[in-house]
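The values are calculated or read from the model by the stated rules, or taken from the named source; none is laboratory data. Because the structure is predicted, anything quoted here is derived from the model rather than measured. No Cβ is skipped: glycine too gets one built from the backbone with ideal geometry, and neighbour counts run over all protein chains shown. Side chains are part of the model used for accessible areas, which takes the heavy atoms of the whole protein and leaves out ligands, DNA and RNA. Shrake-Rupley method; radii C 1.70, N 1.55, O 1.52, S 1.80 Å.
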Amino acid sequence: MISLILASQSKYRVHLLKRLSYPFKSVAPLIDEEILKKSAPEDPQLQALFLAKAKAQSVFESSNDQSWVIGSDQLLSFSGKIFG
C-alpha cells in the first residue's frame, strides 16, 4: 500500500497536512542541516529546495514501503541575503 509521509515533525506543517483529511505519518529526517547548508546553493530559493529535497530523500531511504514523501524547508531572505 502506498502511504504518505511528511519529512518533518513541525507542528505547523503537521497541522496544515491534517487539513487535507488524508492519512499520513510524520517522520523526522535524519540529516544535519548545518552541514548540508555548507554545500547548498547560495540563492535562497535554491537553498530551500535543496534542503527540502535532502529531507525527503532521507526519509524515503529509511522507509521500507512504497511511500510518497513530502519534504519542505523555509528560510528568511531579504535582497538575496539569508537570515537565520
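The table for this structure:
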| item | result |
| --- | --- |
| Candidate set from segment 41-55 (those that are of a type in the set (A, V, I, L, M, F, W, C) and within 12 Å of the chain's Cα centre (by Cα)); member that is least open to solvent (accessible area, probe 1.4 Å) | 51 |
| Candidates 58, 72, 8, filtered to the one that is hydroxyl-bearing (Ser, Thr, Tyr), part of a helix (DSSP H, G or I) and open to solvent by less than 40 Å² (accessible area, probe 1.4 Å) | 58 |
| Some residue of segment 30-40 being assigned to a loop (DSSP other than H, G, I, E, B) and surrounded by 14 or more Cβ atoms within 10 Å (Cβ to Cβ) | yes |
| Where a residue in segment 57-77 is free of Cβ contacts under 8 Å to residues at least 40 places away in the same chain and its partner, wherever it lies, is open to solvent by 40 Å² or more (accessible area, probe 1.4 Å) and assigned to a loop (DSSP other than H, G, I, E, B), with Cβ under 7 Å and at least six apart | 62/30; 76/84 |
